[in-house]
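The block underneath contains the structure these notes are about, expressed in structure tokens.
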Amino acid sequence: MKEEPMETVIWNGLNNPDLKPQEADTVVLGLPFDGATSFRRGAAEAPGRIRNISSHIPPTTEAGHSLEHLHVLDIGDLSPVGLSQTDYFKLIEQKASELFEVTFPTFIGGDHSVTIPLLNTAATIWGDNLGVIHFDAHLDLCAELDGNLLSHGCTHRRVLEKNNLPLGQVYFIGIRSFEIQEMQFLEGRNANIFTAAEICRQGISAAAEKVRRGLENCKAVYMTVDIDFLDPAYAPGTGTPKPGGFSTRDLLLFINHFSTLPLIGMDVVEVSPPLDHNDITSFAAQRVITETWGLFLSRR
């Protein structure tokens with residue numbers, strides 16, 4: 001029997017390399033960059049690993065709904081080789097702008113700094129009509145980390161400074177780590193921060209409903225998933241794990257609550273295959289991606 005090339009079987013066999021971006025329900029782009037981490041690296045290997053394991057998963061959701069009707073186009077990785085971080089981010093902005101105009105892009109990092117150009121692009125297009133769902137153990141509101149203004153800990157700080165995106169339209173979910181400089185930045189400001197402990201007390205459904213109501217008037221919502229939102233027991237393969245987090249089931253429950261929001265794109269970042277055990281973290285990331293497709297893209 002003739003073996004099918006990997007590009008035709010990735011993403012549950014949904015990938016169709018013959019599609020044009022405007023014909024696809026989602027376009028997948030890997031961003032294999034981990035040069036802005038503050039601790040351990042390895043996230044540059046995530047796009048390839050997540051694609052690889054996706055070939056072994058059937059094209060269905062966990063509720064038993066088929067995804068065979070979805071048109072998926074994986075265009076590979078946007079390589080940072082030979083580029084400075086600034087130039088690489090300009091390249092990401094250019095590519096993201098092209099994709100946001102015609103499809104629902106699914107970006108795979110890479111460390112969380114790659115979300116800076118992605119959110120900059122989304123905010124340029126949608127302005128103050130944009131809302132952001134930020135699943136993370138960290139706020140990523142640092143002015144700088146280790147002297148790097150484009151660190152993975154500065155993601156939202158850079159976007160808030162550059163664009164008209166109001167802080168009140170960013171919802172920080174699962175937070176359980178605060179840098180002193182972030183606390184200083186937040187003094188006198190109103191921010192929608194849902195700490196892990198607070199969510200545990202009130203329950204996922206109650207917390208998710210508050211987020212949903214807060215974003216329901218936004219015309220566009222972008223979702224960024226830092227895999228360290230999950231507890232290290234469920235995502236050991238990440239550079240800056242924080243105990244006291246959530247299960248993969250918890251994350252899927254949150255995303256289900258947001259299914260009525262106008263999601264325009266997503267990223268999954270900070271998966272580090274070299275730090276993983278038995279691909280636990282990569283499988284979690286793959287499940288988050290395809291379940292999100294099932295929830296949001298089936299309506300398109």
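Quick notes
- Hydrodynamic radius (Kirkwood) for region 193-300, which is based on Cα pairs only, to one decimal in Å: 14.4
- For region 1-101, the square roots of the Cα gyration tensor eigenvalues, ordered a ≥ b ≥ c, give a/c of at least 1.5 with a/b greater than b/c, which places it in the prolate category.
- Within region 6-299, percent of DSSP bridges classed antiparallel, to nearest 5: 5
- Comparing Cα centroids, region 104-174 and region 15-65 end up 20 angstrom apart.
- Summarising the label geometry, the points placed 7 Å from Cα in the beta-carbon direction at Thr60 and Asp128 lie 4.8 nm from one another.
- A compact globular protein would have a Cα radius of gyration near 2.2 N^0.38 Å; the ratio found for region 6-299 is 0.91.
- Potential extension, Arg41-Asn217 segment - 0.36 nm per residue separation minus Cα distance: 59.6 nm
- Lysines whose Cα lies under 16 Å from that of Lys162, excluding same-chain neighbours fewer than 8 positions away: Lys90
- The chain: most fluctuating residue of Met266, Met183, Met223 per GNM, C-alpha cutoff 10 Å: Met183
- Among Gly110, Gly147, Gly265, residue whose mean-square fluctuation peaks in a GNM of the chain (springs only between Cα atoms under 10 Å): Gly147
- Ranked by the mean number of other Cβ atoms within 10 Å of their residues, highest first, the peptides 27-33, 9-15 fall in the order 27-33, 9-15.
- Here each label is just a point 7 Å from Cα along the line to Cβ, and for Lys210 and Ile53 those points are 3.2 nm apart.
- Listed by number, the DSSP H helices of the chain that run 15 Å or longer by alpha-carbon position along their axis and have mean Kyte hydropathy of at least -1.0 are 85-102, 115-126, 204-215, 280-296.
- In sequence order, region 221-228 has phi-based couplings of 10, 10, 10, 10, 10, 7, 5, 6 Hz under the Karplus curve 6.51 cos²θ - 1.76 cosθ + 1.60, θ = phi - 60°, and Gly or Pro positions carry x.
Every read-out reported here was derived from the displayed coordinates using simple, explicitly stated rules and does not represent laboratory data. This one's a predicted model, so the numbers in the text were calculated from it and none came from an experiment. Using ideal geometry, Cβ is built from the backbone for each residue, glycine included, and neighbour counts are taken over all protein chains shown.
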